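What follows is a set of notes on a single structure, which appears directly below.
The values are calculated or read from the model by the stated rules, or taken from the named source; none is laboratory data. Computed from a prediction, not measured in an experiment: that's the story for all the values here. Here the Cβ positions follow ideal geometry from the backbone for every residue, glycine too, while neighbour counts run over all protein chains shown. Please note that ligands, DNA and RNA were not included when accessible areas were found on the heavy atoms of the full protein model with its side chains. Shrake-Rupley method; radii C 1.70, N 1.55, O 1.52, S 1.80 Å.
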Amino acid sequence: MEHNNIINHPQFVKEGKQVSFKPETLKKVQDLMKRYPEGRQKSALLPVLHIAQEELGGYLSVDVMDYVASLLGLQPIEVYEVATFYSMFYLDKMGKYVIEVCQTGPCALSGGEQILAHLQEMLEIMPGETTSDGIFTLKTVECLGSCGTAPVLQVNTDFHEKLTPGKVDKLLEDLREYAKHDKSDDSTWVEKFC
Amino acid sequence: MGGKVLLANVDIPGIRGFDTYRAHGGYIAVEKALREMTATEVSLEVHKSGLRGRGGAGFPTGLKWSFLDRKSDKPRYLVCNADESEPGTFKDRYLMHHLPHLLLEGLIISSYALGVETCYIYIRGEFKYLVGVLEKAIKEAYQHGFLGERILGTGFSLKIYVHPGAGAYICGEETALLESLEGKRGNPRIKPPFPAFKGLYGCPTVVNNVETLAAVGPIINMGGEAYAKIGRGRSTGTKLISACGHINNPGVYEIEMGLPVEDFIYAPRYCGGIANDKLLKAVIPGGSSVPILPADLILNTAQGEQRLMTFESLAEGDFESGTMLGSGGFIVLDEDACIVRNTLNLTRFYRHESCGQCSPCREGTGWMEKVLHRIEHGEGKMSDIDLLVRVAKNIEGNTICPLGDAAAWPVASAIRHFRREFVYHVKFPEVVKNIDHGAIQSDTELLIPDSGTGIKYW
């Protein structure tokens with residue numbers, strides 16, 4: 001049986017695209033795998049999936065997951081089951097900037113719901129949707145561990161804290177400007193690992 | 001010393017870098033431990049300090065270390081739990097952001113004491129920027145000979161690696177964390193066997209919280225007995241409290257255990273009182289999982305004694321009238337906060353974060369959310385309130401890991417202490433539907449004119 005049929009879900013369709021890391025990224029990935037004892041390279045799965053998501057299209061397509069499986073010597077299902085468990089891994093195509101608004105307890109007490117409503121209004125999309133220009137995806141997330149500076153959101157894991165509607169407007173304006181120059185707002189996962 | 005142990009040097013510019021940290025007494029504890037003490041002596045100091053786990057459970061660290069299977073010929077591991085995701089808690093993030101070397105010192109000394117040669121810092125994926133901070137600090141420590149082969153010319157070698165998670169609250173539970181570190185879904189393991197015998201890769205493993213490990217360096221510097229003199233009773237030392245919600249000064253504070261809760265809330269050097277001159281309604285003092293207490297019970301126990309910031313005092317009265325110190329995520333709610341809405345919010349969180357292994361938690365959290373949702377939106381029935389209590393009771397204690405308890409306690413305690421607010425939501429659906437939340441303002445508005453259906457709890 002072809003493994004594109006293992007999971008009966010529209011997201012799990014194999015397109016058969018060739019994907020691979022840049023040579024310098026591949027080197028970093030191989031270094032990461034050495035951090036774990038011999039025979040335990042599966043441990044590198046989460047960090048490698050972060051890198052793959054970032055470098056190979058912004059989400060984990062079946063092709064990307066299969067590629068990661070082959071790098072780590074895993075069965076594809078071992079990657080799928082992990083990718084579907086963790087909320088930071090995306091299985092759908094995302095906008096260039098993923099805006100994740102915290103909606104848990106302390107943020108909700110401090111105006112997080114108004115921030116989300118404001119974003120919905122400004123972007124004219126609901127949580128889970130992407131703007132038609134492909135620049136923004138809006139998401140709600142659970143506690144980001146920034147309760148003392150609530151309300152808070154992350155743009156591709158970059159924190160933006162003590163938000164007001166005015167600050168959100170400025171942020172969107174900045175990001176639209178960045179998008180024109182194809183700029184990311186944060187350093188990549190690969191750069192984080194020394 | 002002003003009660004500060006961990007954060008004594010936090011305001012020094014550049015303390016995040018190795019040179020500044022070293023110039024202010026950094027790594028002296030490592031030198032002392034490795035050069036002058038045996039591994040057993042280090043463990044003994046930690047034992048004497050009375051240090052208790054700072055992640056939420058408050059289990060004595062020395063005792064946890066003593067369980068480690070030292071007879072096994074397998075490698076041993078130390079795993080630092082930096083998966084801080086308990087709502088209301090942001091102390092570990094603060095600590096790692098400002099004092100990464102303090103954590104590394106603790107890791108080096110603890111690894112020496114435990115006979116560990118490889119150590120992993122499991123940090124939540126959302127703290128990606130901290131991965132860079134920690135990696136840089138680790139690199140500096142290698143460069144200065146505090147990590148790597150034969151540290152300080154002794155026979156002790158250590159490697160430390162940072163490992164990011166990917167967004168799952170459950171991975172803060174130590175066995176789920178180990179599963180995740182092995183590259184799997186974060187499903188907690190059945191215990192026993194405990195990680196001390198079968199942990200990472202089936203090897204003896206100790207998992208400690210960031211703040212717990214950060215305290216090890218200062219304990220070695222000052223001596224376990226001196227550390228135990230700080231604090232009160234069995235709650236020794238200092239605790240980082242992350243305060244948030246409706247207060248004037250949200251932030252991370254290091255307090256000496258035993259500080260009265262009232263001082264913590266109202267003193268200008270701590271929370272600075274309730275924001276906008278409102279009144280205090282309730283506090284969730286140890287992260288969202290611990291029982292919520294109304295103002296009178298958080299300031300004083302049911303016996304009328306002043307409530308203190310210690311494991312024991314906050315738990316005074318058990319679940320009838322007490323709560324827990326937990327992780328120190330101190331969430332303050334003012335008089336305008338709607339308890340039903342807050343409880344619904346937290347229940348949604350637990351439903352979302354349940355790993356799905358155990359039916360009581362997987363199904364129960366969803367049921368509680370649905371019932372709370374209809375009460376909050378003016379569609380509840382009076383029987384729903386006791387239904388919630390029943391569901392919560394059936395989750396509690398019936399799951400592999402404590403997430404089930406963590407989901408049940410906020411609901412059970414909110415109804416126990418604020419039942420009339422739930423009753424109000426059911427009795428006045430039109431009011432609830434039409435108000436902009438936060439508008440149930442004063443206590444008098446909550447007085448219900450006709451108690452009606454035999455509800456006798458208020």
Quick count over the stretch A:57-90, residues being open to solvent by 40 Å² or more (accessible area, probe 1.4 Å), in a loop (DSSP other than H, G, I, E, B) and more than 18 Å from B:GLU126 (Cβ to Cβ), is 4
Residues located in the stretch A:144-163, provided they are without any contact (Cβ under 8 Å) to a residue 12 or more places away in the chain and open to solvent by 40 Å² or more (accessible area, probe 1.4 Å): A:HIS160
Given the residues A:GLU38, A:GLU54, which is the only one that is in a helix (DSSP H, G or I), open to solvent by 50 Å² or more (accessible area, probe 1.4 Å) and more than 8 Å from chain B (Cβ to nearest Cβ)? A:GLU54
Condition check for B:VAL162: outside any helix (DSSP H, G or I), more than 10 Å from chain A (Cβ to nearest Cβ) and open to solvent by less than 10 Å² (accessible area, probe 1.4 Å): no
Pick out the one residue from B:ALA337, B:ALA414, B:ALA406 that is closer than 23 Å to B:PRO294 by Cα, outside any helix (DSSP H, G or I), within 13 Å of chain A (Cβ to nearest Cβ) and out of contact with any Cys (no Cβ under 9 Å at 6 or more places or on another chain). B:ALA337
Out of the residues in the stretch B:213-235 that are surrounded by 24 or more Cβ atoms within 10 Å (Cβ to Cβ) and among the β-branched types (Val, Ile, Thr), state the one that is nearest to the chain's Cα centre (by Cα). B:VAL216
The condition of being in contact with a helix residue (DSSP H, G or I) (Cβ under 9 Å, 6 or more places away or on another chain) and more than 20 Å from B:LEU7 (Cβ to Cβ) holds, among B:ALA243, B:ALA282, B:ALA275, only for B:ALA282
Here are A:LEU109, A:LEU116, A:LEU123: which of them is assigned by TED's automatic domain parsing to the domain that holds A:LYS167, closer than 30 Å to B:ALA282 by Cα and modelled with pLDDT of 95 or more? A:LEU116
Out of all the residues in the stretch B:277-286, is one or more open to solvent by 30 Å² or more (accessible area, probe 1.4 Å), assigned to a helix (DSSP H, G or I) and farther than 28 Å from B:SER49 by Cα? yes
Scan the stretch B:255-273 residue by residue and report those that are open to solvent by less than 10 Å² (accessible area, probe 1.4 Å) and within 14 Å of chain A (Cβ to nearest Cβ). B:CYS271
Could you list, in sequence order, the residues of the stretch B:174-186 that are surrounded by 22 or more Cβ atoms within 10 Å (Cβ to Cβ) and either of a type in the set (A, V, I, L, M) or in a helix (DSSP H, G or I) (or both)? B:GLU174, B:THR175, B:ALA176, B:LEU177, B:LEU178, B:SER180, B:LEU181
If you take just the strands (runs of 3 or more DSSP E) that sit entirely in the stretch A:98-194, which of them hold at least 2 residues that are under 25 Å from B:ASN249 (Cα atoms) and within 12 Å of chain B (Cβ to nearest Cβ)? A:153-155, A:158-160
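Table: residues versus (1) in a helix (DSSP H, G or I); (2) open to solvent by 30 Å² or more (accessible area, probe 1.4 Å).
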{"site": "B:SER313", "(1), (2)": "yes, no"}
{"site": "B:MET324", "(1), (2)": "no, yes"}
{"site": "B:SER327", "(1), (2)": "no, no"}
{"site": "B:LEU346", "(1), (2)": "yes, no"}
{"site": "B:GLU363", "(1), (2)": "yes, yes"}
{"site": "B:HIS373", "(1), (2)": "yes, yes"}
{"site": "B:GLY378", "(1), (2)": "no, no"}
{"site": "B:LEU387", "(1), (2)": "yes, yes"}
Which ranges mark the helices (runs of 4 or more DSSP H) fully within the stretch B:69-146 that have 2 or more residues being closer than 28 Å to A:THR157 by Cα, in contact with a Cys (Cβ under 9 Å, 6 or more places away or on another chain) and more than 9 Å from chain A (Cβ to nearest Cβ)? B:100-114
